[in-house]
Amino acid sequence: MKMLIGGELRDSVSGRTFPVHNPATGDMVDEAPLGGEDDVLSAIEAAGEAFSDWAAKSPRNRGKILFFAAEEIRRRNTDLAALLTAEQGKPIREAVDEINGFANILEYYHGLSAVIRGESENLRGYGHVTVQRRPLGICGAIIPWNMPAIIMGWKIGAALTAGNTMVLKPARTAPLTCMKLAEILSEAGLPPGVLNVVTGPGETVGREIARNPEIRKVTFTGEAGTGKQVALDAAPAMKRLTLELGGSDPMIVADDADIGAAVEGAVRGRFYNCGQVCTAVKRLYVFDSVADEFVRRLKARVEEIVVGNGMDRGVGMGPLNNREGLERVAGIVDTARERDEGEIIAGGRVPVGEEHRHGHFFLPTLVAGVPYDSVFFSEEIFGPVLPVATVPGLDEALELANNSRYGLGASVWTRDAGVIARATEELEAGIVWVNQHLKIPPEVPFGGTKASGIGRENGSRALDAYTEEKSVLVRL
Ligand code: NAD
């Protein structure tokens with residue numbers, strides 16, 4: 001596959017490529033150009049040339065192009081989802097949802113394009129002030145491999161609707177779906193240079209996007225450590241930043257919770273996308289009085305999950321996306337096992353079937369009776385491992401939930417209005433769910449507090465994050 005730069009499908013300047021492998025089989029899915037700094041510079045040039053015409057278009061006409069692309073993407077969902085599963089590993093039904101989610105985001109911002117407006121006020125003696133919202137210019141987007149389509153949507157939807165142009169870098173182990181989506185946007189009428197995709201390593205392509213002073217804003221999704229590096233690289237050019245970083249979401253199950261619903265929520269919240277979701281349930285605190293029943297029912301559900309190639313019928317969980325991720329998850333489980341931190345009551349190892357031999361598989365893992373200071377709670381586990389601790393009540397649950405450097409999402413499962421009021425008030429997180437976990441529709445502002453990041457994506461105010469105010473004060 002080739003990169004979209006300046007409306008053309010191009011190889012890298014060096015002519016080199018890298019393979020993208022299917023994490024379930026080890027087979028090569030396709031090759032992508034191994035971009036470097038030169039390719040980023042070409043993309044910046046194309047984005048710079050495209051900017052003034054794109055910014056001068058009416059927002060509604062910009063939004064219409066996103067809408068046409070969304071229609072086409074829905075039509076081609078089957079092929080796009082198969083490509084996403086092949087490179088990322090997720091079950092095909094999750095891939096279908098993700099491609100639809102991408103289209104939903106484009107449609108949502110198309111809708112908002114009709115209502116972009118500034119402000120105007122007569123300040124009497126001072127004159128008349130108008131506050132214009134102006135696009136920033138060229139924006140850079142750096143995205144991870146776990147939900148490449150959705151995260152690309154979060155970045156381009158608001159940025160392009162607001163009149164910016166963009167240079168986007170997908171992750172090395174899942175770049176293909178992003179490349180194909182960019183191609184479809186181009187075919188749908190996006191002018192050359194408005195969206196450019198450069199594939200390649202973070203240390204070269206990503207760093208150039210973070211550093212280059214022509215890029216006025218960087219929006220990054222990935223690990224907290226990488227996010228800090230991006231912020232440092234972006235600082236000298238005084239860039240605007242949105243950082244969507246790691247998370248270690250707590251889920252609290254109170255004694256009056258609907259246990260069946262909470263079990264289903266925990267299964268989906270932790271094992272969706274093989275646990276590789278920033279807002280996955282990574283720490284579960286259940287009240288003592290219902291812990292036995294909850295853990296027993298959860299164990300039965302976890303053991304039902306069929307692990308395999310995401311393209312196969314009946315598979316509920318695919319492989320991890322890459323070997324390093326698998327090793328990291330297995331390493332945390334081994335450390336906890338050595339330290340006797342909780343009882344592994346389901347999974348806890350790599351599956352041994354012939355069909356699993358070439359993939360990065362790990363069994364859905366449930367650990368009960370986990371001590372509060374366990375490595376399971378201090379590390380971000382980016383894989384299918386659910387550690388459960390019991391708590392005497394809400395005070396302890398909230399204290400433990402907030403005892404993390406992260407603050408991305410959190411959920412509480414209860415029917416008690418008092419518990420809901422306290423939890424939604426006190427949980428330190430960018431998003432708090434009640435009796436659900438994980439869903440983030442385009443209308444909902446999304447981002448983290450503490451080490452989980454800076455800024456919000458999604459929702460109408462994301463347009464503000466891709467524009468700058470210019471105040472004009474006129475006295476006649
Ligand atoms: P990562 O930080 O390793 O990589 C993310 C992207 O940054 C990739 O495209 C990578 O190539 C690039 N990159 C690497 N080094 C770079 C550098 N020095 N400068 C610029 N770019 C660089 O993250 P990952 O392993 O791909 O993704 C998993 C992480 O992402 C987890 O921590 C997860 O919680 C987080 N995440 C957060 C959100 C959110 O919205 N908060 C969403 C999804 C994933």
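The values are calculated or read from the model by the stated rules, or taken from the named source; none is laboratory data. Note that the coordinates shown come from a computational prediction; the quantities given were computed from them, not determined experimentally. Note: ideal-geometry Cβ built from the backbone for every residue, glycine included; neighbour counts use all protein chains shown. For accessibility, only protein heavy atoms count, side chains too; no ligands or nucleic acids. Shrake-Rupley method; radii C 1.70, N 1.55, O 1.52, S 1.80 Å.
Quick notes on this structure:
- Look at the range 199-225: where a residue is under 17 Å from Pro144 (Cβ atoms) and of a type in the set (D, E, K, R) and a partner is more than 9 Å from the ligand (Cβ to nearest atom) and open to solvent by 50 Å² or more (accessible area, probe 1.4 Å), sitting 6+ places away or on another chain with Cβ atoms under 9 Å, you get Arg207/Glu37.
- When the helices (runs of 4 or more DSSP H) confined to the range 132-247 are screened for residues that are open to solvent by 20 Å² or more (accessible area, probe 1.4 Å) and not small (Gly, Ala, Ser), those reaching at least 3 such residues are found at 176-187, 207-211, 224-234.
- Neighbours by Cβ (under 8 Å, 6+ apart or cross-chain): first from the range 27-53, touching a residue at least 12 places away in the same chain (Cβ under 8 Å); second open to solvent by 50 Å² or more (accessible area, probe 1.4 Å) and polar (S, T, N, Q): Glu31/Thr17; Ala32/Thr17; Pro33/Thr17; Leu34/Ser14; Leu34/Thr17; Gly36/Ser14; Asp38/Ser14
- Out of Val281, Val253, sole residue that is within 21 Å of Gly342 (Cβ to Cβ), within 16 Å of the ligand (Cβ to nearest atom), open to solvent by less than 20 Å² (accessible area, probe 1.4 Å) and in contact with a Leu (Cβ under 8 Å, 6 or more places away or on another chain): Val281
- Odd one out for Glu355 among (1) in contact with a strand residue (DSSP E or B) (Cβ under 9 Å, 6 or more places away or on another chain); (2) more than 16 Å from the ligand (Cβ to nearest atom); (3) touching a residue at least 40 places away in the same chain (Cβ under 8 Å): (1)
- Number of residues in the range 175-229 that are more than 8 Å from the ligand (Cβ to nearest atom), under 24 Å from Val20 (Cβ atoms) and charged (D, E, K, R): the value is 4.
- Boolean, Lys239 is within 14 Å of the ligand (Cβ to nearest atom) and farther than 26 Å from Thr467 by Cβ: no
- The requirement of being within 26 Å of the chain's Cα centre (by Cα) and either within 23 Å of Leu400 (Cβ to Cβ) or crowded, with 16+ Cβ neighbours inside 10 Å (or both) is not satisfied by Gly331.
- Tally of residues being of a type outside the set (Ser, Thr, Tyr) and in contact with a strand residue (DSSP E or B) (Cβ under 6 Å, 6 or more places away or on another chain) across the range 99-123: 5
- Residue count, the range 383-422 (criterion: over 21 Å from Gly227 (Cβ atoms) and crowded, with 24+ Cβ neighbours inside 10 Å): 10
- Among the residues making up the range 433-476, those that are open to solvent by less than 80 Å² (accessible area, probe 1.4 Å), away from the ligand (no atom under 16 Å from the Cβ) and on the phi < 0 side of the Ramachandran plot are Val434, Ser460, Leu463, Asp464, Tyr466, Thr467, Glu468, Val472, Val474.
- Residue satisfying condition, being more than 20 Å from Ile305 (Cα to Cα), buried (at least 21 other Cβ atoms within 10 Å of the Cβ) and within 16 Å of the ligand (Cβ to nearest atom), within set Glu380, Glu324: Glu380
- Yes/no for Asp292 being surrounded by fewer than 14 Cβ atoms within 10 Å (Cβ to Cβ) and under 29 Å from Ala397 (Cα atoms): yes
- Residue that is farthest from the chain's Cα centre (by Cα), among those in the range 99-131 that are surrounded by 24 or more Cβ atoms within 10 Å (Cβ to Cβ) and within 16 Å of the ligand (Cβ to nearest atom): Ile105
- In the range 425-432 there is no residue matching the filter, namely being of a type in the set (Val, Ile, Thr) and more than 16 Å from the ligand (Cβ to nearest atom).
- Qualifying residue in the range 66-73 (condition: modelled with pLDDT of 95 or more and in contact with a His (Cβ under 6 Å, 6 or more places away or on another chain)): yes
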